[in-house]
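In what follows, a single structure is set out as C-alpha cells and then discussed.
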Amino acid sequence: MATTMTSDRPANNAERAAGAGLPAAQASVPKWIWLGVIIAALLPLAGGENGFISNFYFLQLSLMIVYSIAVLGLNLLTGFNGQISLGHGAFFAVGAYVTAILIDRYEMHYLATLPLAMLACFVIGYLFGLPALRLEGHYLALATFSLAIAVPQFLKYRHFEPFTHGVQGINIFKPDPPFGLPLSPDQWLYLIVLACAVVMFIVARNIVRSRMGRAMMAIRDQPLAADTMGINSARTKSITFGISALYVGLAGALHAIIFEFVSPDSFRFELSIAILVGAVIGGVATLSGAVVGGFFVQFIEKYADAATKWVTSTFHLPIHLEPWTIYGIVLILLMYIMPMGIAGGFGSLWRRIRLTG
Amino acid sequence: MTKRTRRDVLIGGSAIAAAQVVGFPAIAQGKKYDDGASDSVIKIGHSGPYSGNASAYGNIGRTIEAVFKMVNDNGGINGRKIEFITYDDGYSPPKTVEMARKLVEQDKVLFLFNTLGTPPNTAIHKYMNAKKVPQLFVATGASKWGQPKQFPWTMGWQPDYATEGAIYAKHILSTVKEPKIGILMQNDDYGKDYYNGFIQGLADKKGLVVQLATYEVTDPTVDSQMIQLKNSGANVFFNITTPKFAAQAIKKAHEIEWKPAHYLNNVSSSFGSVFQPAGIPASQGVMLALYRKDVNDPQFANAPDVTAFKTFFAKYMPSANIKDDTHNYGYSVTHTVIEVLKKCGDTLTRENVMKQAANLKGFEAPLLLPGIKVNTSPTDFYPLQSVQLARVKGESFEMFGDILSNEST
C-alpha cells in the first residue's frame with residue numbers, strides 16, 4: 001500500500017499530504033477539533049469517580065489514544081517520509097520497559113519517566129536508522145522486522161534480568177490522581193494520555209509543515225530531486241526514524257502505566273503489524289488518519305473474535321469461521337474501497353462532494 | 001439490569017452486616033448474591049487464546065463452554081443456569097487485562113475461571129485480588145498460584161510444575177545408577193519453574209546436571225540442542241518442552257541414537273500431538289508423570305467417567321478431535337468448578353466461592369487417574385498435588401510405582 005503510493009502516484013500523494021495546499025497550511029487548527037478535545041477532556045467529570053461512563057471505558061479510550069500516538073509516529077515515517085517499518089512494536093516495547101524499569105527500580109515519578117522513555121527511543125531509533133536507512137523499501141521493512149522479533153528476546157536475556165525480570169515481566173502501580181482530585185485512576189490516566197496526545201499531534205502538525213517536513217516529503221516523492229536540491233537525505237531519514245521511534249516510545253510508556261505491567265509477551269511482533277495496519281487503514285499520509293488508525297487497532301482488532309462469533313450466531317451461518325475471519329474481510333474490503341485509508345477516503349469523498357455541489 | 005444488580009448487592013451487603021451483628025451463620029439468612037449471580041443465572045468469565053501462537057489451547061475454552069451447555073440442558077446447578085462468557089486474548093497479557101476488566105466491570109461476572117497461560121494470568125493477578133474477584137483454577141501449572149496469604153483470590157488446579165520437577169528428580173536419584181543429567185528447557189516462566197523444582201529435588205546433588213540446553217518458543221527446531229545434549233555424555237534426559245518441541249526432541253534423539261533414561265514433562269503427555277508425530281517406535285520407554293486419564297487409552301475404555309466423557313463429546317463437540325488432550329483437561333477442570341458451585345448452594349458470593357474452593361476434600365473429578373483426588377484447605381491452594389509415573393509402551397501408557405505426592409509444598 002505504502003509502496004504503491006510512493007512509487008505510482010507521487011505527485012498526487014504530495015498534494016493530498018499537504019491537505020488543501022498552502023492556504024490551509026497557514027491556517028490554525030479548526031475550531032471543531034478543539035471543541036472535540038475539550039469535550040473529551042470533560043468526559044471524566046461527567047458523574048465523578050463512578051460516573052455513567054465506566055472506568056473500563058476510560059481504559060479503552062486511553063488505549064485508543066495510545067495507539068493513535070503510535071500510529072501517528074509510524075505515519076510520520078511511512079506516510080510523510082516513505083519508509084516502511086515492520087518493527088515499530090520494538091520501540092513501543094523499549095518505551096514501555098524504560099518507564100517500567102525507572103518506576104520499579106529507581107522509584108521515579110511516572111510523569112518524569114515519559115521524557116526519558118522518549119529520549120531513549122529517539123536515540124535508539126536514530127542509531128538504528130543510520131545503517132538501516134541505506135536500505136530501501138522492502139529491504140528496510142525486513143531489517144525493521146528483525147528488530148521486532150529480536151527485542152522480546154533481548155528482554156528475556158539472562159544478563160538483563162536484574163532490570164527486566166526476564167519472562168516474569170514487571171509489575172508497577174497505577175498512580176492515584178494528585179491533589180485529591182475526585183477522579184478514579186483510570187479517569188486520571190485518561191486525561192494524562194489525552195494531554196500527551198494533543199501535544200504530540202500539534203508537534204507532528206508543525207513538523208510536517210516545517211522545512212523538515214517538506215524535506216521529508218521531498219525525499220519520499222523524488223529522492224533524486226531532493227538530493228539535488230541540497231537536502232541531506234540520510235540525515236533527514238535518520239532523524240525522521242528517530243522522531244517516529246520517539247512517538248511510538250511515548251505510546252509504549254503510557255501503555256505500561258495504564259496496564260501496570262510489562263512483559264516480553266506483551267510486545268510480540270503482532271504489535272508491529274497492528275500499528276502498521278492501523279496506519280494504513282487510517283490513511284498513512286494524514287494526521288487525522290492516526291486517530292482513525294488508533295480506533296481501528298483498539299476496537300476492530302480487539303473484538304475480531306467477538307464479532308466473528310456474533311456474525312456466526314446472528315445469521316446462523318452453517319460454516320465454522322476462524323476467529324479472525326471478520327477482521328480479514330474488513331481489511332480486504334477497506335483496501336478495495338478506500339485505498340488511501342479511511343481518513344484519505346473520506347477526505348477525497350468530501351472534496352468530491354464540494355466540487356459537485 | 002444494572003439497577004437490579006445494584007439492589008442485589010445492597011441486599012447482599014446488608015445481609016452480611018446483619019449476619020455479623022447478630023452472629024448467625026451466613027447461610028441461615030437464605031439466598032445471598034454478589035454481582036453475576038441471581039435466582040436464575042450464574043455468570044462465569046473466561047479468557048483464552050482462540051487466535052495466535054497458542055491457539056491450540058483455545059479448545060479448552062470451547063470444551064468448558066460445551067460442558068456448561070450440557071449442565072444447562074440438564075437443569076443447571078441448584079436450579080441456576082450458567083452463563084459462560086469467554087473472550088479471545090491471543091495469549092497477550094495486555095489483552096487479558098482488558099478482557100478481565102471487561103468481564104468484571106462490564107459483564108459483571110461472579111468470578112473468572114480457568115483463564116489461560118502464565119503471562120496472561122500474571123498480568124491480572126494483582127487486579128483480581130485488588131477487586132476481590134476470584135481468579136479460580138487458572139490454566140497454568142506455575143507454582144505461584146497457591147499463595148493464599150498474599151493472593152487469597154487466586155487458585156491453580158493442576159499439579160504445579162515445580163512439584164512435578166521435584167518428583168522426577170527424586171525418581172532419578174533412587175533408580176538411575178551414576179546419573180549424568182542433560183536438560184532441554186523452554187526459556188520462559190514455565191521452563192524455569194520445572195527446572196527450579198527439579199534442582200530443588202536434586203538438593204545437594206545438583207552437580208549431576210552435566211548440560212542445560214535452552215530454546216525459544218519461536219525457534220523452528222531443537223535439533224542442535226539435542227546433538228549438544230548427546231555429546232555431553234548424559235545418560236538421563238529431562239525434557240521440559242511443549243508438545244511441538246517434545247515431538248521434535250523425541251524424534252531427534254531416536255535419529256541420533258541417543259538412548260538416555262528419558263523423562264518428559266506432563267505438559268506434553270499427548271499421543272495425538274507428541275508421540276504419534278514423533279513416531280511410536282521412537283517414543284517407547286519415555287517416562288512421564290500423569291494425573292489424568294487418556295480417554296483413548298484402551299485400559300480405561302470401560303471406566304464410567306470415560307464413557308460419560310465420550311457420550312458428552314459425541315453430543316456436544318461432534319466436530320472436535322477426541323485425540324486432543326486439551327478436551328479432557330477442560331472437562332475435568334470444569335467438573336471441579338461445578339462441584340464448587342454445588343457446594344456454594346444459595347450463597348453465591350465471591351467470598352463463598354473462594355471458601356468452598358478452599359474446602360474440597362478428596363473430590364474425585366472425572367478423568368483423574370484412580371487414587372488422585374482434589375484436596376484444598378484455607379492454607380493449601382494447590383488442588384492437585386499427586387501424580388503417577390508412567391512409561392510409553394506400545395500405543396498407551398503403562399503405569400508403574402505408587403502415586404507420588406508432594407503435599408508439603
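Where a number appears in this text, it was derived from the coordinates with a stated rule and is not lab data. Quick caveat: nothing in here was measured; it's all calculated off a predicted structure. With ideal geometry, Cβ positions are generated from the backbone for all residues, glycine too; neighbour counts draw on all protein chains shown.
Points worth noting:
- From B:K230, B:K205, residue being outside any strand (DSSP E or B), of a type in the set (K, R), touching a Leu at 6+ places or on another chain (Cβ under 8 Å) and over 25 Å from B:P119 (Cα atoms): B:K205
- Matching residues in segment A:239-266 - criterion: being within 9 Å of chain B (Cβ to nearest Cβ) and more than 14 Å from the chain's Cα centre (by Cα): A:I258, A:F259, A:E260, A:F261, A:V262, A:S263, A:P264, A:D265, A:S266
- Any chance A:A306 is in a helix (DSSP H, G or I), without any contact (Cβ under 8 Å) to a residue 12 or more places away in the chain, of a type outside the set (F, W, Y) and farther than 14 Å from A:G89 by Cβ: yes
- Within segment A:291-303, considering residues that are in a helix (DSSP H, G or I) and within 13 Å of chain B (Cβ to nearest Cβ), the one farthest from B:E65 (Cα to Cα): A:V297
- Among the residues listed as B:G165, B:G156, the single one being in a loop (DSSP other than H, G, I, E, B) and among the small types (G, A, S): B:G156
Okay, residues lined up against (1) among the charged types (D, E, K, R); (2) touching a residue at least 60 places away in the same chain (Cβ under 8 Å); (3) within 30 Å of B:K180 (Cα to Cα):
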{"position": "B:N265", "(1), (2), (3)": "no, yes, yes"}
{"position": "B:S268", "(1), (2), (3)": "no, no, yes"}
{"position": "B:A278", "(1), (2), (3)": "no, no, yes"}
{"position": "B:A289", "(1), (2), (3)": "no, yes, yes"}
{"position": "B:P298", "(1), (2), (3)": "no, yes, no"}
{"position": "B:N302", "(1), (2), (3)": "no, no, no"}
{"position": "B:A308", "(1), (2), (3)": "no, no, no"}
{"position": "B:F312", "(1), (2), (3)": "no, yes, no"}
{"position": "B:N328", "(1), (2), (3)": "no, no, no"}
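- Some residue of segment B:54-75 being in a loop (DSSP other than H, G, I, E, B) and more than 20 Å from the chain's Cα centre (by Cα): yes
- The one condition from (1) in contact (Cβ under 8 Å) with a residue 60 or more places away in the chain; (2) away from every other protein chain (no Cβ under 14 Å) that A:I231 does not meet is (1).
- Filter pass, B:P119 being more than 10 Å from chain A (Cβ to nearest Cβ) and either more than 27 Å from B:P243 (Cα to Cα) or not aliphatic (A, V, I, L, M) (or both): no
- Of the candidates A:G129, A:G79, A:G73, the single residue that is more than 15 Å from the chain's Cα centre (by Cα), small (G, A, S) and assigned to a helix (DSSP H, G or I) is A:G129.
- Within segment A:92-138, the set of residues being under 19 Å from A:I243 (Cβ atoms) and of a type in the set (G, A, S) comprises A:A93, A:G95, A:A96, A:A117, A:A120, A:G125, A:G129, A:A132.
- Some residue of segment A:198-205 being in a helix (DSSP H, G or I), in contact (Cβ under 8 Å) with a residue 60 or more places away in the chain, buried (at least 23 other Cβ atoms within 10 Å of the Cβ) and more than 14 Å from every other protein chain (Cβ to nearest Cβ): no
- Qualifying residue in segment B:33-45 (condition: more than 19 Å from A:T308 (Cβ to Cβ), more than 11 Å from chain A (Cβ to nearest Cβ), basic (K, R) and touching a residue at least 24 places away in the same chain (Cβ under 8 Å)): yes
- All of B:T96, B:T63 fail the test of being in contact with a Phe, Trp or Tyr (Cβ under 7 Å, 6 or more places away or on another chain) and more than 17 Å from B:K342 (Cβ to Cβ), apart from B:T63.
- Residue-level check: of (1) more than 30 Å from A:R220 (Cα to Cα); (2) in contact with a His (Cβ under 6 Å, 6 or more places away or on another chain), A:A112 misses just (2).
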